[in-house]
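The values are calculated or read from the model by the stated rules, or taken from the named source; none is laboratory data. Every value quoted in this text rests on a predicted model; they were computed, and no experiment measured them. Neighbour counts are summed over all protein chains in view; Cβ atoms, including those assigned to glycine, are modelled from backbone coordinates with ideal geometry. These area figures cover heavy atoms from the full protein model, side chains too; ligands, DNA and RNA do not enter into them. Shrake-Rupley method; radii C 1.70, N 1.55, O 1.52, S 1.80 Å.
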Amino acid sequence: MWTIIEKEFFDDLLNQRFLAGILVSVVLTVGAIALQTSEYAKQLEEYRESSATHENFLDSIGPENFFLLTPLPLIPPEPLSLLANGLRIEYLSNDFDENFLPGLFPVMDLVFIVSIIMSLLALLFSHDSICGEKERGTLRLIVSNSVPRSRLILCKWLGGTASIMLPFLISCLLGLIYISISPSLQLHLTDLAAFVLVVIASLSLISLFYLLGLMVSAMTVNSSTSALTCIFLWVLIVFVVPNLGPYLAAQVAPVESIAMLNQLRSQGQQEKDRQELQKRLDQISDKYETEYGQMFTEYQTWTYEEKMARSGMQAPESPLRSMGLKYRKEIRDRRDEFYQAQRDKLEMLAAQIKIESQKQSWLARNLAAVSPFTDYLYLATEFAGTGVQGREYASRQIESFVKVFVDYVQTLLKRSGLGESVGLDQLKNLKLDLSGRPRFEYKPQPLAERVELVLPYWAVILLFNVLFFVGAFVGFLRYDVR
Amino acid sequence: MLTTLMKKEIQHNLYGFKFQVIMLLTLLLVFSSVYVMYNDYSQRTRAYEIQLPDIANTSSLLKPSPLAIFDRGLDMELCSLYETHRDFGILSISNQKDFSSELFRLFNTPDLFYVTWIILSLGALLFSFNLVTAEKEDGTLRQMLASSVARSKLVAGKWTGGLICLVLPFTLAFMVSVTAVSLAPDVQFGVQDYLRLALFLIASLLYLGFFFSLGLLVSAASRSSAAALSISLLLWVTLVFVLPGLGNIAAGKLVAVPSYNRYVVQVRQAEMAERRASSEYESSGKKKDFNLREHDPERDAQVSDYRVRLARLISLSRDLIRLTPAGAYAFLAGDLSNTGVQEMLNLQRSILAYRDFSLGLPRTPSGRVSGEYPAFTYQRLSPGHVLVNGGLLNFALLLLQTTVVFAASYVLFLRYDAR
């Protein structure tokens with residue numbers, strides 16, 4: 001058995017294809033890792049700069065502009081995004097000033113290299129491993145020996161995948177060496193573990209495509225038919241199913257309420273709301289006008305400061321003061337009530353959207369997962385922390401930080417008395433101590449959790465491996481070697 | 001003689017397994033992609049119609065382009081809501097994203113452009129990579145050359161015959177889907193749209209022609225079909241994926257643009273300060289004259305510097321990328337469908353011009369515009385404009401690349417060793 005594996009391995013190794021394959025794989029993998037490392041360094045620099053800018057800005061805030069006290073939870077770039085760019089999460093996003101060109105073209109990362117180049121190479125290596133031998137006449141000779149066919153096909157798989165995995169592993173190792181000597185990137189132990197996991201996932205995908213080629217090869221008579229069939233299946237797996245799947249899901253389970261939410265948030269709607277609120281406030285004014293007559297009309301003509309000063313100067317039980325207080329309270333209550341209703345409406349819609357889009361997302365994710373390429377994409381991006389679920393994890397952290405920050409600001413306002421209406425001159429005497437403000441510290445999702453999330457997808461890849469192997473096995477057992 | 005050769009080539013192809021596979025793939029992909037993208041377009045149009053009545057007339061919300069069914073390109077970005085905040089001095093521009101689409105960003109849009117760009121280009125290459133080598137391997141090449149057929153005629157016949165077989169199913173599928181879409185209830189095509197679609201078809205055929213010729217070149221340059229297959233796939237990966245990506249990276253190295261994140265942080269800080277200051281004044285009832293123009297010249301300079309550099313980066317990337325056939329075709333298809341880079345840049349320019357225009361309007365002391373506020377309007381680019389501003393250049397580049405590759409394969413075949 002060892003001899004056959006050895007024969008398969010060296011057969012490939014001495015082939016011109018192997019030379020080309022190893023060259024392409026090493027150059028592209030190392031090149032892509034080098035490029036992505038410099039990209040990562042740039043992103044990290046930007047992240048540090050932006051966070052520092054914001055923190056400095058917060059430090060400069062005084063009582064007169066306390067309302068600028070806002071959180072800015074920026075997520076640092078994931079170190080392993082250089083293997084799988086995946087998704088990036090931006091707390092701030094202003095598409096208007098973003099460079100949109102790179103998004104139009106494919107990204108060169110390890111995921112791309114494995115799913116497009118290594119998978120094609122694997123197919124190229126295996127598509128003629130049985131029918132090619134038949135064409136050359138060597139298959140008859142082998143079968144005429146006392147080696148059972150089952151062992152032969154197993155050895156073909158082992159030897160063949162070894163000869164394609166070897167250059168890949170070498171290039172990954174070179175990439176890792178490059179990463180570890182580049183000063184901008186420091187890999188921790190978890191990152192290293194994740195790196196290894198990405199490589200193992202890549203190997204399982206490469207083996208899958210090798211087996212696909214082997215299976216097709218065991219079912220076809222000549223190598224050109226086999227090559228075409230392989231590429232056809234490859235196109236289906238890599239391009240058609242993954243890209244059509246999510247769109248079909250989106251059409252089966254549409255999220256209609258997003259447009260409605262945008263409608264509620266739009267400026268036009270805000271203008272309408274403002275008018276509606278004004279109408280209600282006017283009703284209160286009318287009520288007061290009929291009740292208090294001249295006094296109220298006069299009161300209304302004063303400016304804000306005058307109102308504060310004049311009604312404040314009156315004796316506690318004077319009718320002007322009590323009317324002013326009552327009126328202002330009623331206005332405030334009505335306004336609060338109105339905005340609360342608005343917020344409730346938005347929240348309800350947002351909750352509805354969340355449910356709808358979760359349903360859609362689930363369907364889209366799993367419909368696309370029929371293709372092993374998609375499963376691999378999920379594996380690699382989740383291991384790298386740039387997958388859909390990893391990003392959701394990060395978003396939750398952002399959300400809870402924003403809540404903590406808002407609470408902090410609220411208590412700060414209450415404690416310092418800034419929240420009440422105070423005159424501008426009073427503000428200047430206040431002191432604001434912001435040293436205890438919450439600072440955002442991003443904690444990446446634990447690796448074990450990430451692995452757990454994607455295990456089902458890994459299982460699909462392995463299942464396909466088994467299926468294709470069985471296919472190749474059965475096909476070869478029944479193969480007409482003449 | 002040429003006709004006989006062509007006929008032979010066509011008949012040979014029609015009965016072949018390769019033709020069946022590629023035709024099946026073409027029909028399957030074109031129809032399913034148009035079906036899916038039509039639904040996507042209807043959904044987006046519905047969403048647009050829900051939002052439209054409540055959009056402030058100063059905001060930009062474009063109706064999805066029906067041509068996005070064939071090439072969605074940047075249509076999602078074009079059709080998102082850009083609000084120019086009118087009350088405040090800076091008139092900042094914000095836009096709202098559809099946040100449920102996170103997952104979709106992992107995948108590509110399966111529109112007809114993508115199908116042609118990535119998949120059918122591979123199909124074209126596979127169609128022709130063994131046109132010469134297979135005949136050599138079958139031994140028919142020798143026989144043909146032994147008769148009095150000129151090599152030049154032979155290669156011309158192979159090229160035309162093969163290309164017809166490749167292009168015919170695609171053209172038919174394209175026309176059928178255009179007809180189906182134009183009959184669909186949600187879509188109304190104008191004359192200009194048909195013109196755009198015709199140009200789109202021509203661009204796609206040119207692009208497929210390039211890859212077909214490239215396959216012929218590879219075939220004429222290699223001795224065995226197996227070698228030709230490996231080389232073809234390598235070339236395809238390089239031309240479609242690697243080179244366009246490198247164009248972006250190279251441009252990024254050549255033009256330095258300030259950090260986007262820091263830029264956004266700074267702009268946001270300044271905007272918030274101004275907006276809150278202005279609303280504080282309004283709510284306190286205190287009247288203050290806002291000098292809108294000269295609010296913060298430093299930040300204005302920063303913003304315009306950033307935008308100038310970004311524009312330079314984008315135009316350099318575009319010039320580098322369009323040197324590759326995949327790049328030229330991508331830009332051409334996008335621009336012709338009103339969803340491309342030109343359209344995006346034009347919309348951005350219009351929004352900025354509108355902002356500058358509204359800054360000059362007479363205002364009340366509180367900063368609000370006195371009198372009627374003119375609405376923002378936008379017209380998508382006409383095909384003529386697209387062609388003059390880079391479209392023709394992209395066409396010329398595609399044509400040139402195809403011609404060069406065909407000429408090379410012609411020369412190589414003349415010198416081909418048929419033994």
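Laid out as a table, the results:
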quantity: Neighbourhood net charge (15 Å Cβ-Cβ; Lys/Arg +1, Asp/Glu -1) for B:N389; calculated: +2
quantity: Chain A, relative contact order in percent, only Cα pairs under 8 angstrom and at least six apart counted; calculated: 28 percent
quantity: Cα extents of the protein assembly as shown along the three principal axes, largest first (Å); calculated: 117, 60, 45
quantity: Kirkwood hydrodynamic radius of chain A, from inverse mean 1/r over distinct Cα pairs, in Å; calculated: 27.9 Å
quantity: Virtual spin-label span in nm between B:A408 and A:L233, 7 Å along Cα→Cβ; calculated: 3.3 nm
quantity: Shielding by other protein chains, A:368-376, mean Cβ within 10 Å; calculated: 1
quantity: Pairwise label distance in nanometres, A:T190 with A:I355, each label 7 Å out on the Cα-Cβ vector; calculated: 3.4 nm
quantity: Peptide A:219-230, shielding by other chains (average Cβ, 10 Å cutoff); calculated: 3
quantity: Charge dipole (chain A, unit charges on Cβ, about Cα centre) - positive-most of A:N145, A:L208, A:L68; calculated: A:N145
quantity: Difference of contour (0.36 nm per residue) and Cα-Cα distance, A:R335 to A:L23; calculated: 105.3 nm
quantity: Euclidean distance between Cα centres, region B:307-338 to region A:37-59, Å; calculated: 29 Å
quantity: Cross-link pairs beyond the 27 Å C-alpha cut-off, checked among A:K354/A:K403; A:K403/A:K443; A:K326/A:K403; calculated: A:K326/A:K403
quantity: Area of A:R274 that stays accessible when all protein chains are in place (1.4 Å probe, Å², to 10); calculated: 100 Å²
quantity: Label-zone membership for region A:335-377, site A:E392, 7 angstrom Cα→C-beta point, backbone N under 13 Å; calculated: A:354-366
quantity: Charge tally in the Cβ shell below 14 Å around A:G293, where Lys, Arg are +1 and Asp, Glu are -1, A:G293 excluded; calculated: -3
